[in-house]
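Laboratory data are not the source of any read-out in this text; all were calculated from the coordinates shown. Source: prediction; values computed, not measured. Backbone-built Cβ (ideal geometry, glycine too); neighbour counts: all protein chains shown.
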């Protein structure tokens with residue numbers, strides 16, 4: 001596999017939408033399990049900035065909450 005990236009526009013952030021597709025029950029279970037650790041996931045980045053840590057925790061929590069809302073048990 002070969003991956004090539006190149007910047008077409010100036011280096012400024014452009015908002016985008018990220019869609020995560022989960023196709024099997026196993027994938028769902030794995031993602032739910034992974035993001036259930038949202039309170040600890042930001043800790044492994046060793047960030048010294050409380051603001052960054054809080055944003056990362058919130059991001060992980062939002063993904064976990066979205067997965068819980070789709071729980072199909």
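Given that just one value was derived from the coordinates, which of (1) -0.56, -0.97; (2) -0.43, -1.02; (3) -0.26, -1.11 is log10 I(q)/I(0) by the Debye sum over Cα atoms at q = 0.11, 0.23 Å⁻¹?
(2)
Would you kindly state how much longer the chain becomes between residue 22 and residue 6 on full extension, computed as 0.36 nm times their sequence separation minus their alpha carbon distance, in nm to one decimal?
Length gained, residue 22 through residue 6: 2.9 nm.
Among 57-63, 23-29, 6-12, what's the highest-first ranking by average C-beta atoms within 10 angstrom per residue?
Taking the mean over residues of other Cβ atoms within 10 Å, the ranking is 57-63, 23-29, 6-12.
Under the rule of -39500 (n - 2.57) per DSSP H run of 4 or more residues, summed and divided by the residues of the chain, what mean residue ellipticity at 222 nm is obtained, to the nearest 500 deg cm²/dmol?
Only helices count here, giving -15000 deg cm²/dmol.
Over the chain, what is the relative contact order in whole percent, taking alpha-carbon pairs under 8 Å and six or more residues apart?
29
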